[in-house]
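All remarks here apply to the structure that follows.
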Amino acid sequence: MSRIVVKVGSSSLTTTSGGLDLDRVDALVDAIAAARARGDEVVLVSSGAIAAGLAPLGLKRRPRDLPTQQAAASVGQGALMARYSERFAAHGLVVGQVLLTVDDVTRRSHYRNAYQTFAKLRELGVVPVVNENDTVATTEIRFGDNDRLAALVAHLVHADLLVLLSDVDGLYDGHPGREGARLVAEVTGEADLDGIDIARPSASAIGTGGMVTKVEAARIATGAGIPVVLTAASRAADALAGAPVGTRFTPTGRRRPTRLLWLQHASDSHGALHVDAGAVRALTARNASLLPAGITAVSGTFTAGDPVDVVDPDGTVVARGIVNYDSAELPQLLGRSTHDIAAELGSDYEREVIHRDDLAVIT
């Protein structure tokens, strides 16, 4: 038995006018149901809520402004889930909707709740259908695309495989429509990506991603020890059955806390803490927390709980972490020991600027 996370994009589920393509939805459900019949557990990360809401709202294209996107998601999410519920029920399967924001995989209490929810759904035999909570997520707390979300969910549920379904059948060494473009069957590391132009936008006006986000999602998953298959949605059944389709990304690392993966790969920094050489060594070589004594300067405006960069004396970002102080508080603490700070300002200030458990070293 394998645990598989499947991600499908908007362009693979909808028509060019924005409505759901029911035949595509049904084919995907059939492929997942077949995997379930073989004994595999499947989590579906599905885009399409915003796209499914376009036609009912009379919109011809995906809206660019966040409020209209949220309205379209509100309308479309119900239609999307109704179809999934109906089609999975035909196979005797129950679906459960899971809407996530960045906080759900980064903050400790939220992370535990999300993990427990997925565990209970698996125990009950439910097929989780996951999407970003587009109706309430703001620009500052969004994953940015469902490819990254899928990679983090794969890590969260301890998946054995991540399948990224797209409107192309894999990673090519050039534009897929160009004569002579070659499918890259396997990626074992960054060297295999040298010379490949992945900075191509989505071929659809409906989707938000492109090859960049899919390769980045593959980096996140494989860096945590999870293999990835990238292929066309029309090859979903073959991919789930283990057939050699599309592009396979082999694992390059091992499992680590999900919020650290998010910090390194998917977060937007709200500011920077400039540190001395001693602090760099402590963070990178000794896995230490960042203390006020090693900080030389602060830039940006942020509050406690925000992600910030840690910058070495040469201006290179060496780490990113969740800061425990507001930017306005830090200047008076720089270069001082936590003992001296606590003696002057009280015990509430006797804490790390970034705890080592909330810090990801950037390689």
* Structure fact -> Of (1) crowded, with 20+ Cβ neighbours inside 10 Å; (2) at positive phi; (3) not acidic (Asp, Glu), Val298 satisfies every one except (2)
* State whether the residues of region 244-257 include one that is hydrophobic (A, V, I, L, M, F, W, C), under 27 Å from Ala114 (Cα atoms), modelled with pLDDT of 95 or more and in contact with a helix residue (DSSP H, G or I) (Cβ under 9 Å, 6 or more places away or on another chain). => yes
* Return the residue satisfying two criteria in turn: it lies in region 171-187 and is touching a helix residue (DSSP H, G or I) at 6+ places or on another chain (Cβ under 9 Å) and part of a loop (DSSP other than H, G, I, E, B), and of such residues it is surrounded by the fewest Cβ atoms within 10 Å (Cβ to Cβ). => Val184
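Okay, residues lined up against (1) crowded, with 17+ Cβ neighbours inside 10 Å; (2) under 20 Å from Val157 (Cβ atoms):
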| site | (1), (2) |
| --- | --- |
| Val212 | no, no |
| Glu216 | yes, yes |
| Ala221 | yes, yes |
| Val228 | yes, yes |
| Ala233 | yes, no |
| Asp238 | no, no |
| Gly242 | no, yes |
| Val245 | yes, no |
| Phe249 | yes, yes |
* To do: Show the residue pairs that are 6+ apart or on different chains and have beta-carbon atoms under 6 Å apart, the first residue being within region 168-187 and in contact (Cβ under 8 Å) with a residue 40 or more places away in the chain and assigned by TED's automatic domain parsing to the domain that holds Thr247, the second being surrounded by fewer than 17 Cβ atoms within 10 Å (Cβ to Cβ) and not in a loop (DSSP other than H, G, I, E, B).
  => Gly170/Leu183
* Structure fact -> When every residue in region 126-141 that is within 17 Å of Ser74 (Cβ to Cβ), of a type in the set (A, V, I, L, M) and part of a loop (DSSP other than H, G, I, E, B) is compared, the one modelled with the lowest pLDDT is Ala137
* Scan region 275-320 for residues that are without any contact (Cβ under 8 Å) to a residue 60 or more places away in the chain, in a helix (DSSP H, G or I) and in contact with a Ser or Thr (Cβ under 8 Å, 6 or more places away or on another chain) and report the count. => 1
* To do: Could you grab me the full set of residues in region 144-165 that are over 15 Å from Arg219 (Cα atoms), at pLDDT 90 or above and outside any loop (DSSP other than H, G, I, E, B)?
  => Leu165
* To do: Being under 16 Å from Leu359 (Cα atoms) and of a type in the set (A, V, I, L, M, F, W, C) is the filter; apply it to region 306-330 and report the residue that is farthest from the chain's Cα centre (by Cα).
  => Val311
* Do you know which residues across region 9-41 are at pLDDT 95 or above and of a type in the set (A, V, I, L, M)? -> Ala27, Leu28, Val29, Ala31, Ile32, Ala33, Ala34, Ala35, Ala37
* Where in region 1-106 are there strands (runs of 3 or more DSSP E), lying wholly inside it, with at least 3 residues that are in the same structural domain as Leu161 (by TED's automatic domain parsing), within 22 Å of the chain's Cα centre (by Cα) and without any contact (Cβ under 8 Å) to a residue 40 or more places away in the chain? -> 95-100
* Quick one: Ala218 ticks every box in (1) at negative phi; (2) modelled with pLDDT of 90 or more; (3) outside any helix (DSSP H, G or I) except a single one, so which number is it? => (3)
* Gly53 being crowded, with 19+ Cβ neighbours inside 10 Å and of a type outside the set (Ser, Thr, Tyr) -> yes
* Structure fact -> Across (1) farther than 19 Å from Leu161 by Cα; (2) surrounded by fewer than 20 Cβ atoms within 10 Å (Cβ to Cβ); (3) at pLDDT below 90, Ala288 clears everything bar (3)
* Has region 303-314 got any residue that is farther than 25 Å from Leu261 by Cα, touching a strand residue (DSSP E or B) at 6+ places or on another chain (Cβ under 8 Å) and surrounded by 12 or more Cβ atoms within 10 Å (Cβ to Cβ)? -> no
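The values are calculated or read from the model by the stated rules, or taken from the named source; none is laboratory data. What you are looking at is a predicted structure, and each value in this text was computed from that prediction instead of being measured. With ideal geometry, Cβ positions are generated from the backbone for all residues, glycine too; neighbour counts draw on all protein chains shown.
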